[in-house]
Amino acid sequence: MATRHSNVEPSDDDTAATVQRLMDQYTEIAKLAGGLAHEIKNPLSTIRLNMDLLAEDLADVETPSGRRSIKRVDVVRRECLRLQSLLDDFLNFAKVRRLNLVPTDLNHQIADVLEFFAPEAEDAGVEIVKYLDSDLPRVMLDKEAFRQALLNLIINAKQAMPDGGQLVIRTVAEPTTVALDLIDTGIGMDERTAARMFEAFFSTKPGGSGLGLPTTQKIVEAHGGAISVQSELGHGTQIKIALPVPARIAGE
């Protein structure tokens, strides 16, 4: 028997219902994941507190067995701290974001973040160079969320320049978008690493959670934007963020 294929396109209502159903499912999964992470954090905090107390009790013990014990306690304390940091990163990644979008001067937002980051950049020997388009239209941003995303990218660029270097921050007005480029002179990445850098839990840094850049991508996409990367091993990396300009503002 021949199979008949329907040519009826899904209606806007059907599409909206599907999107809403997927969002509801994602919200439920995110809540479950967040609840599980919180349940893990509670006993982890208890373990860490007791390790701190045990370290105090062993501080004055000078026997060989006492010294071995304090080393083991230190290992457990470090692992507790690492797990605590991982859980914090995971909770930040998994949470459902309700953005408070307001018309924002992107250049001003960038300048604010760079001012905050300036002492760290100076200590790391990183020169910040700005090319900010003075005719940039306003974009809709959740200032706190986007600040976090931008800081993640700047810190990642700094870590890619262990011996110092230059970080160029550039904004450009385009017909319907605003482009933000971050270009570093760091160690760069090969194609395989660049293709995976936004995957959750993928990290090339020892002890890294692999959630900073995926969280950044989620924040950018929640703004209706897109993020992309170009990199060459030994020559640096360019991250590009494209943010939409609201139609009324673009028309003006």
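Within the set THR185, THR216, the sole residue that is touching a Leu at 6+ places or on another chain (Cβ under 9 Å), at pLDDT 90 or above and not hydrophobic (A, V, I, L, M, F, W, C) turns out to be THR185. Check the range 151-163 and report whether any residue there is over 22 Å from the mean Cα position of the chain (by Cα) and at pLDDT 90 or above. Checked against the condition, which is being over 22 Å from the mean Cα position of the chain (by Cα) and at pLDDT 90 or above, the range 151-163 yields at least one hit.
Could you tell me whether LEU32 is within 30 Å of PHE90 (Cβ to Cβ), at pLDDT 80 or above, surrounded by 10 or more Cβ atoms within 10 Å (Cβ to Cβ) and not acidic (Asp, Glu)? No: the conditions fail for LEU32. Quick one: which residue in LEU233, LEU167, LEU153 is in contact with a helix residue (DSSP H, G or I) (Cβ under 7 Å, 6 or more places away or on another chain) and farther than 24 Å from SER85 by Cβ? The match here is LEU167. Looking at ASP163, ASP123, ASP181, ASP112, just one residue is charged (D, E, K, R) and part of a loop (DSSP other than H, G, I, E, B), and that residue is ASP163. Listed conditions (1) among the hydroxyl-bearing types (Ser, Thr, Tyr); (2) surrounded by 11 or more Cβ atoms within 10 Å (Cβ to Cβ); (3) modelled with pLDDT under 80 are all met by SER69, apart from (3).
If I ask for residues that are aromatic (Phe, Trp, Tyr) and more than 20 Å from the chain's Cα centre (by Cα), which ones from the range 97-150 would you list? Listed by number, the list holds a single entry, TYR131.
The values are calculated or read from the model by the stated rules, or taken from the named source; none is laboratory data. Fair warning: this is a prediction, and the values are worked out from it, not measured in the lab. When we count neighbours, we look across all protein chains shown, and the Cβ atoms used for this are built from the backbone with ideal geometry, even at glycine.
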